[in-house]
Structures are given as C-alpha cells and as structure tokens.
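**Q** Following this message is one structure expressed as structure tokens.
The values are calculated or read from the model by the stated rules, or taken from the named source; none is laboratory data. Quick caveat, the model's predicted, so the values are computed rather than measured. Virtual Cβ from ideal backbone geometry, glycine too; neighbours counted across all protein chains shown. Surface areas here come from the heavy atoms of the whole protein model, side chains and all, with no ligands, DNA or RNA. Shrake-Rupley method; radii C 1.70, N 1.55, O 1.52, S 1.80 Å.
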Amino acid sequence: MAVIDAQVHVWGAETAERPWAPGGAERARRHGAGLPSFSADELLAEMDAAGVDGAVLVPPSFEGEHNDLVLDAAARHPSRFAAMGRVPLDRPDDATRIVRTWREHPGAIGFRCTFSAGFNSMKKVSTSWLEDGTADWFWPVAAEYGTPVMLNCPKQFAAVRRVAASNPDLRIVIDHLGLGSAREEQVPAVIDDLLTLADQPNIAVKASALPCYTSELYPYGSLQAQVERVVGAFGAARVFWGSDLTRLPCTYETLVRLFKEELPFLSADDRRLILGDGLVEWLGWDRGERAGATGVQHGHVPA
C-alpha cells in the first residue's frame, strides 16, 4: 500500500533575487521557531523515516508566487514528488501562460489557490477572489488544460459549489477539510457545512493537518469521528490523507500510524484509497511504476 502525502510545503531562504510575500517571514515556522528554509532533500529524509512513499509539494503562500523549488523536486524525483503550483489570479494573461504550459514540466500536475482570512495568495484585500469574481476566469482554463486545483477556502463552501457546478470537468480538492483557522469547538459545525458539497462529484477533500485542530492526544477520538462522517459522505476515493508537515504538533510517524492502524470504520480498500491511491488517480499523477494503471483521462471527471 503506497502512502502518499496530499500536502507538504518546501521553501527556500528569502533573498533579494527571490523575495517572499510581505510578512512571509512571520509564517515560516515549525514547532514555534523560525524556519528560514525547508528543502525537498530534508523532506525526503523525513518521508523515508516515516514510511511515506510520495508527496504533493505545494509552495507556501508566504513565499509568494515561486514555483521553481517544487518543479525542480518533481523533476528530480518523479516517483516521490508532484508539484501543485501557484498562479497570479489577479493577472489573467500571465497566469494563463503558466497554465497552458504547466503539464509540460515533469511532475507538474495542478495548482493550489489560497483564499483565506482577508488574504488572497498573501495579498491583503477586502474581499475573497473566490467570491468576488476575480478568479472566475481561471476555472474553465484550468479545466481545459486538465489541471486539478486545490483550494484553501475556509467558510467559502457556497462559492466552491458554484465553481464546481459551473465547471464539471474541473477536479477540485478542498484543503484541510475546509477547517482553515477553525478552533477546536468549531470543527463539527465546519464539517456539517463541508458535507453539503459531497453530492458534487468533482469535489474531493484533504484530511490533512488534522492534529492541528484538537487538544486531544493520540489517537484523537473526536477527530476520528469527524473523519468517519467525511468518508461516509464523500466516499474513500475522494478523501485524501495529508500532513501539512511543517504545521504538525505531532510526529510524521504518528499521523501515518493514525490512518494505518486506527480509524476502525475503514476497510482495507478504504485505507488504500485514502492513504494514496485515490489521490494519485484524482490528480492524474504518473509515478512511473503506476504508469497506465489508473486509466485517468485528464480533464474528465467520471460520473
């Protein structure tokens, strides 16, 4: 059973030639301490120790719109890494050029967009680009070029439904079960809202960063109950395990063990799908040894 992480950030040190977004240095942290850089090679060592076979790399929003590090890692390690890049949604001409050629890069499979807490891609704005129409041009273009999208979009489920319904061939993945910066006591209500999207066949979800949303110790009983609700609604093929490693309050090994050994409501097939196979198929990621195995047609969402 392959274990594939649906989201990990890697980043390089801020330099004059490669500046971060304003305020980015305040968010580049791990375990409460500043972390000026976190490389793909450092990540590989942690993956090997935790028994993680592959990971989807996402440039962190605090780094700005740099895709170079994730593209380099995916090209060097095609069976271990895939790249979900960023696009400047407020610059459609520039972004369209990126989308048109994105899948020509080895391991480049889609895009991740951030719409949260008054920020869009770390740009402070008064409205969400997901809700105010700024990003509307992007969805049909992404669908046309067969590039799935991951959305950090807390409290914006109505807008996600609109996008999904209007672009039925676009594969959408909602980050962190839509929890965003939700407090522990808010988690059940957010999940209530998330489940209203389960009837949209082109929406999947990441069960990622979950220990960040509880004060409980392993095995996180209250979180297990919420995962059971999500799997029951979306099905295991549309729920993807992920870590968001540099945010985790626990070890990488602990989170792998939670999904491998706990969660008694999961069947063996459920675990296989959630821990990696479902994500690989949804994103159309050719990891080499799986070439031709899934029959995925990019840009088409099966009924």
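**Q** Which condition does Thr101 not pass, out of (1) within 24 Å of Leu71 (Cβ to Cβ); (2) open to solvent by 70 Å² or more (accessible area, probe 1.4 Å); (3) free of Cβ contacts under 8 Å to residues at least 24 places away in the same chain, if it passes all the others?
**A** For Thr101, the failing item is (2).
**Q** Now for a different question. Applying the selection to the range 1-44, what residues are among the aliphatic types (A, V, I, L, M), modelled with pLDDT of 95 or more and assigned to a helix (DSSP H, G or I)?
**A** Those that are among the aliphatic types (A, V, I, L, M), modelled with pLDDT of 95 or more and assigned to a helix (DSSP H, G or I): Ala40, Leu43, Leu44.
**Q** When you go through Asp93, Asp48 one by one, which is the residue that is over 22 Å from Gly242 (Cβ atoms), without any contact (Cβ under 8 Å) to a residue 40 or more places away in the chain and either open to solvent by less than 50 Å² (accessible area, probe 1.4 Å) or more than 19 Å from the chain's Cα centre (by Cα) (or both)?
**A** Values: Asp48 fails: over 22 Å from Gly242 (Cβ atoms).
Exactly one of Asp93, Asp48 is over 22 Å from Gly242 (Cβ atoms), without any contact (Cβ under 8 Å) to a residue 40 or more places away in the chain and either open to solvent by less than 50 Å² (accessible area, probe 1.4 Å) or more than 19 Å from the chain's Cα centre (by Cα) (or both), namely Asp93.
**Q** Which members of the range 157-181 meet the condition of being modelled with pLDDT of 95 or more and in a loop (DSSP other than H, G, I, E, B)? Spell out how you get there, then give the answer.
**A** Step one: list which residues in the range 157-181 are modelled with pLDDT of 95 or more, which gives 157-179.
Once the filter is applied, which keeps residues that are modelled with pLDDT of 95 or more and in a loop (DSSP other than H, G, I, E, B), the range 157-181 yields Asn167, Pro168, Asp169, Leu170, Arg171, Leu179.
**Q** Same structure again: Hey, Ala40 hits all of (1) closer than 17 Å to Val10 by Cβ; (2) surrounded by fewer than 18 Cβ atoms within 10 Å (Cβ to Cβ); (3) touching a residue at least 12 places away in the same chain (Cβ under 8 Å) but one; which does it fall short on?
**A** Condition (2) is where Ala40 drops out.
**Q** One residue is enough: does the range 239-249 have a residue meeting the conditions of a type outside the set (Phe, Trp, Tyr), touching a Leu at 6+ places or on another chain (Cβ under 8 Å), over 28 Å from Arg27 (Cα atoms) and open to solvent by less than 20 Å² (accessible area, probe 1.4 Å)?
**A** No, the range 239-249 has no match at all.
**Q** Does Arg257 meet the test of being buried (at least 20 other Cβ atoms within 10 Å of the Cβ) and among the basic types (Lys, Arg)?
**A** Values: buried (at least 20 other Cβ atoms within 10 Å of the Cβ): no; among the basic types (Lys, Arg): yes.
When the stated conditions are applied, Arg257 does not pass them.
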